[in-house]
Amino acid sequence: MIHKKTYRIICTLLMAALMAAPVQAENTASGEMNLFARKYTGQRTDFTGNAGFQFTPTEALSVTALGRSVSGGALQRVHPVTLWDSAAEKPLARVMVSPGSKVDERGFAFERLPVPLKLEQGRSYRLTSGEEAGGDPMMEIGDIRAHLAVADVGPGVYSEGDAYPKRTYGLAKQGYGLPTLYFDTTGLAPELLKVGPRPPKPFIRELTTGYLLQYSFMSPRPYCWGDEKTVMLSGWEVDKSGGHYEYQPSGISAGFAFHSDWFKLVDTSSHGAITLKHKVARQTEGSVTFEFRFKLPTAMEGACWQLRDLEQAGVSLVTKGGNLCWETGKVLMPFETNRDYGVKVVADIDSKKADVFVDGELKASGLPFVNPIKSIDYVLVKTGDAATGEVFLNPVNLYKGYTVNETFVTSGVGKVPADWEVKDGAVQAFECATKPDIFSLKVSGQAIRKIAAWNKKRVWG
């Protein structure tokens, strides 16, 4: 650990040695690229220590230079920019960026490494710039998603003084500073040199019977998370550009509970949507069952629920003109506002067709997939792009392989599911149960669910 006073003396001496006529902005060498694709500026000047972000290369990288944003002006101090190994908590490389350093077209001052540094794919690293209170302005914790797809970036990291930045703060795609790195583009795929997340890869796992997704939005905000803005839905890729989500209980003080009475997406923008996307183990054959419940307090155009491959939907239900529709145009049913509905879709990947049940009633059978996808990799739920309003959602399930797996969670109260033969009985809700699993088939006569003929198979009851 370097004492704060010593740290200031070192930086002052280096700055004096490196002071020269300001260097005009210029590009880096051919075949090199900055990790970031835009300028980043900040106003914070009250911090002394190392600040930056964590990152994980999506491919092996050869780092050629390190740098720091000039925050829209010109540097007045020397800044040590350090690349750290997260596992060993040791520095791998350091340069001193100063007023005499070259500045690229995106406003980052940089210095080259003596020799390129090789970074491993999938290994975690941290990148920081040394800051001093009262010195050059730096960026407060903020969104830094305008980076190339060669790395997953975030959250922010920092330390007081010149030490390993052990502390983390913020969310994925956030960071402090902002430091940067430059890398050799030789041999890297073109899609990795574009802004945005890396191209998605399938989740491969052998599963013949079981739940691919079973999500009830239970306790989105544990009592230990004081800031509502940091609340995340475990396992979901969330885009809240069109609004936010709400839930009850709130998860704080006397309102804390381990289950939610309700969860909803609140779309407040006519130019954006709220999207929830969950990756599942890739399915390439057989059938899967997709279940969810929803309620719309007011009519919303374009709300949708989908089963997708890595790029496009195969199963897609959408709200249009007061109806629940198959995306290609088939009207399944008109829906009432402020009323709960349960939906079940049995999708056959081999035939690329699906059957749709609403509140237990068969609304359509043999519907062709909206796109002829060959695999199911994602579940997606989205509000309307141009619409505003709310979508109550709970639960979202996807499973396969069961001969009978009936929870009645998508059935209508007072009705008999279409795939059951029931005498003197109907589905009822029992509010004393934990939501959303509050539905049961109440029978005073008999209930029969037919299955395919079995021979020499083991049965558990």
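Residues are listed down the side, and each one gets a yes or a no for (1) among the acidic types (D, E); (2) over 27 Å from P200 (Cβ atoms):
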{"site": "P372", "(1), (2)": "no, no"}
{"site": "E390", "(1), (2)": "yes, yes"}
{"site": "P395", "(1), (2)": "no, no"}
{"site": "G425", "(1), (2)": "no, yes"}
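Inside segment 136-176, residues that are small (G, A, S), touching a Phe, Trp or Tyr at 6+ places or on another chain (Cβ under 9 Å) and either over 25 Å from V238 (Cα atoms) or not assigned by TED's automatic domain parsing to the domain that holds V63 (or both) make up a count of 1.
Residue count for segment 375-419, restricted to those that are touching a Phe, Trp or Tyr at 6+ places or on another chain (Cβ under 8 Å), among the acidic types (D, E) and in the same structural domain as V318 (by TED's automatic domain parsing): 1.
The sole residue among L181, L212 that is over 18 Å from Y378 (Cα atoms), buried (at least 17 other Cβ atoms within 10 Å of the Cβ) and modelled with pLDDT of 90 or more is L181. Could you check how many residues of segment 92-107 are on the phi < 0 side of the Ramachandran plot and touching a residue at least 60 places away in the same chain (Cβ under 8 Å)? Matching residues across segment 92-107 total 10.
Looking across segment 250-272, the residues that are surrounded by 15 or more Cβ atoms within 10 Å (Cβ to Cβ), in a loop (DSSP other than H, G, I, E, B) and modelled with pLDDT of 70 or more come down to S269, G272. Scanning segment 138-167 for residues that are touching a Gly at 6+ places or on another chain (Cβ under 7 Å), part of a strand (DSSP E or B) and not polar (S, T, N, Q) yields M138, M139, E140, I141, V153, G154, P155, G156, V157, Y158, E160, G161.
Being farther than 30 Å from V404 by Cα, at pLDDT 70 or above and assigned by TED's automatic domain parsing to the domain that holds W84 is the requirement here; does G243 meet it? Judged against the criteria, G243 is not a match.
Set side by side, the residues G67, G72, G52 differ, and just one is part of a loop (DSSP other than H, G, I, E, B) and either touching a residue at least 40 places away in the same chain (Cβ under 8 Å) or over 20 Å from D152 (Cβ atoms) (or both), which is G72.
So which of A133, A109, A93 ends up being of a type in the set (A, V, I, L, M, F, W, C) and not in a strand (DSSP E or B)? Exactly one of A133, A109, A93 is of a type in the set (A, V, I, L, M, F, W, C) and not in a strand (DSSP E or B), namely A133.
The listed residues are G187, G226, and the only one of them that is in a loop (DSSP other than H, G, I, E, B), at pLDDT 80 or above and among the small types (G, A, S) turns out to be G187. Among the residues of segment 320-341, the ones that are farther than 19 Å from G412 by Cα and of a type in the set (S, T, N, Q) come to 1 in all.
The one condition from (1) farther than 26 Å from A299 by Cα; (2) modelled with pLDDT of 90 or more; (3) touching a Leu at 6+ places or on another chain (Cβ under 7 Å); (4) surrounded by fewer than 20 Cβ atoms within 10 Å (Cβ to Cβ) that A418 does not meet is (2).
Closer than 16 Å to L324 by Cβ, surrounded by fewer than 20 Cβ atoms within 10 Å (Cβ to Cβ), in the same structural domain as W262 (by TED's automatic domain parsing) and over 29 Å from the mean Cα position of the chain (by Cα) - does that describe any residue in segment 349-360? So far as segment 349-360 goes, yes, one or more of its residues are closer than 16 Å to L324 by Cβ, surrounded by fewer than 20 Cβ atoms within 10 Å (Cβ to Cβ), in the same structural domain as W262 (by TED's automatic domain parsing) and over 29 Å from the mean Cα position of the chain (by Cα).
Which of the residues that make up segment 112-142 are farther than 21 Å from S98 by Cβ and basic (K, R)? Matches in segment 112-142: K118, R123, R126.
The values are calculated or read from the model by the stated rules, or taken from the named source; none is laboratory data. What you are looking at is a predicted structure, and each value in this text was computed from that prediction instead of being measured. Reconstructed Cβ throughout: ideal geometry from the backbone, glycine too, with neighbour counts over all protein chains shown.
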